[in-house]
1. In whole angstrom, how far apart do the alpha carbon centroids of the range A:487-520 and the range A:193-217 sit?
2. Using Cα atoms only, what is the angle between the long axis of helix A:139-156 and the major principal axis of chain A, expressed in degrees (0 to 90) to the nearest 10?
3. Which of A:Lys178/B:Lys34; A:Lys59/A:Lys409; A:Lys530/B:Lys98; A:Lys176/B:Lys168 have a Cα-Cα distance over 29 Å?
4. What average count of beta carbons from other chains do you get within 10 Å of the Cβ of residues in A:164-171?
5. How many angstrom lie between the C-alpha centres of the range A:104-183 and the range A:220-268?
6. Once the convex hull of the C-alpha atoms of the protein assembly as shown is built, how many Å³ does it hold per residue, rounded to a whole number?
7. Only loop residues by DSSP count here, and only those with at most 14 other Cβ atoms within 10 Å; note down the trypsin sites (Lys or Arg not before Pro) in the range B:1-41 that meet that.
8. By the scheme Lys and Arg +1, Asp and Glu -1, what is the net charge of all other residues having a beta-carbon under 13 Å from that of A:Ser223?
Amino acid sequence: MQRLLLLGDEAIAQGALDAGLSGIYAYPGTPSTEITEFVQNSKQARQDHIHSTWSANEKTAMETALGMSYAGKRTMVCMKHVGLNVAADPFVNSAITGANGGLIIVAADDPSMHSSQNEQDSRFFGKFAMVPILEPVDQQEAYDMVHYGYDFSEQHKIPVLLRITTRLAHSRAGVKRKDPRKQNDLKLPEDLRQFVLLPAIARKRYRNLLKAQELFIQESETSSFNKYMDGPDKSLGIIVCGIAYNYLLENYPDRNVPYPVLKIGQYPLPVKMIERMYSDCKEILVLEDGYPVVEESLKGLLGKGLKVKGRLDGTVPRDGELNPNIVAVALGMEDTFGLPVPSIMVNRPPSLCSGCPHIDSFKALNEVLALLPKGRVFSDIGCYTLGALKPYEAINSCVDMGASITMAKGAADAGLIPSVAVIGDSTFTHSGMTGLLDAVNDKSPVTIFILDNGTTAMTGGQDSPAFGKIEAICKGMGVEEGHIHVLRPLKKFHEENVRIINEELIYPGVSVIIPRRECIVTIDKRMRDKFKNAEAPV
Amino acid sequence: MKRDIILAGVGGQGIISIAAIIGTAAIDQGLHLKQSEVHGMSQRGGDVQSNLRISDKMIASDLIPYGKADLIISVEPLEALRYLPYLSSDGWVITSTKPFLNIPDYPDMEKLMDEIRKLPHYVALDADEIAKEIGTAKAANIVILGASSPFLEMQYEKLEDAIRFIFKRKGDEVISKNLEALKAGREFTQKQMHS
Ligand SMILES: Cc1ncc(C[n+]2csc(CCOP(=O)(O)OP(=O)(O)O)c2C)c(N)n1
Ligand code: SF4
């Protein structure tokens, strides 16, 4: 079969399409976005009527996928690592309901926080939910693991977590495809109470899950994704997870590592394989991208027994992404370095595009707030978070999606009046709406800016689930009509906008201000597409 | 054969196109390839880079180790310097001299050029100017690719084929302008090497 040059994300998507996927569910989030986008742009997916439109957030995505699995079809949910926090409730419980049709959850972690607010390791979540975890070493394994994951999920009736990191998600390499499989037919669970987690049923199912752990470990012992490669020098044994294996090999150009190596691609950990290394070797080095998950479980609380080296003892830095140099140093090899960066170097941080509607919104807001003491603007996650930087320095928080409205309310409850929230349209429907309801029910003195640029811009301009619905949602939640204002964030309306914002800041209840103007990058893209279509021969 | 290349620039300057063209040519020649890109946050006018690795053997890491890059190809002079720790002792820097001014504290141009002139092996050219002469300011990235082509250890025709393939949907006019840009960049380097 043909060899394709694919991003890790795309390899997963192609793997799912070839393995008989019926629907993919996701909310965008770097570095996971391209998985769903690949399915959306795939002719194969369109022909086979595979569902791929965006969900409102990761929780709705996870639950919808669970519904598709209930109905017997193969499905995938994709999210960035922090998305799994949002989807945690259905995710953890899905381990107890189990799956019917194959269910794979893809969590894309971001060690070094290239575009995230933390570097949490989704393997902890997998372990917490007690589901099997797959962690590919490269794009080909990412592709292959999707097939394997669906088989595993359907055979053991369990959701499977596929964990990748930014480096694999956004790196391209050749991938060989397998023969495509057909989608499953509609087929309900044999036991129609499988998904009813009433305590009496849940207790039984939970015990089944506990019992299944032994089986999962056995599967890990024989899985082709876990490999024990013996080496002559037993002074050290190396346990290496996922993509870290590549950094190890990079340091041995002929690929001959002198030490025994255990390459891990499937969890729960293969106990017997680890036991073998433990009895054969004098010391153990653990190389894993992310948290010291394997290292911690090996070391235990007291750290007795064999010496285990890794992130916890400083052999490897405690935070940040791995690379070939870090691994070289951990192996006691000499480090390599090119030339120093000249002292004239300066940073070039990302910034709002010139002409961005958020700029006009921040200018108006800053002008009004200049009269008050600083520190009352609670923001959210999106392009507008760049308003924290110079020259705007307009916002004082960015924590998690939706936290703007709720934090503003909490601060107002504490006496910080007026409090201001700034949230994007897509973030508002992701998880701002429920916070708005709290504020309305409490008549909190907060002024909420819903910056409506008509898209989910930060992650590359995906459709916004909020499109055309914002005023109706606010009214429906009980915001008074007279305190909902749509503004045009443009220079020529600046004075008028400042006046309206001023009035609403004084109002001692919930006001919603909606600056509405399309993101210039999406306008650009729309115009180019239109032009392209107009040019195409009919 | 092995080429480890750092591609550098600012979001929107077209380094992904350079990567795609080299990548297509490499695959066409039956070589192995790994290419790590930056997506997301840094696209908004921030610095972007891509690690492109080509080899006739299997490639292990997606990332190039420090001190091991054969080439730094940059469409912007300040960005060329940002990745010097990756450059190997006999590696080359190919860079445009045209600054992308979107930060208030951009270094003094003279000092910046001094730093570039200090490099052991470099080719520096105003790719924007050359692209404009050809009549397509947008092809500055392809001029830089052309200037890098003598160092790629690839058949030049394969790069031309790759341009035809990548720009297929944009029509013959765009293809021929980009081929011209590629040639102009290549000739700049060849002239410098022979003088
Ligand atoms: C739980 C979670 N999911 C996804 C993301 C990734 N993400 C960050 S901002 C953003 C979109 C923001 O869109 P919007 O609120 O409309 O603001 P815009 O970028 O368009 O200004 C997304 C999807 C995240 N940080 N956290
Ligand atoms: S992508 Fe759109 S929303 Fe984001 S900074 Fe640029 S113009 Fe503004």
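Bear in mind that the values in this text are calculations on the coordinates, not laboratory data. What you see is a predicted model, and the numbers here were worked out from it, not measured in a lab. Using ideal geometry, Cβ is built from the backbone for each residue, glycine included, and neighbour counts are taken over all protein chains shown.
1. With the range A:487-520 and the range A:193-217 each reduced to a Cα centre, they are spaced 53 Å.
2. Tilt of helix A:139-156: around 80 degrees.
3. A:Lys530/B:Lys98
4. 4
5. First find each Cα centre; the distance between them is then 19 Å.
6. Per-residue hull volume (Cα only) is 190 Å³.
7. Nothing satisfies the criteria.
8. On the way: positive: A:Lys227, A:Lys263, A:Lys272; negative: A:Glu135, A:Glu141, A:Asp144, A:Asp151, A:Glu219, A:Glu221.
Counting the neighbours of A:Ser223, the net charge comes to -3.
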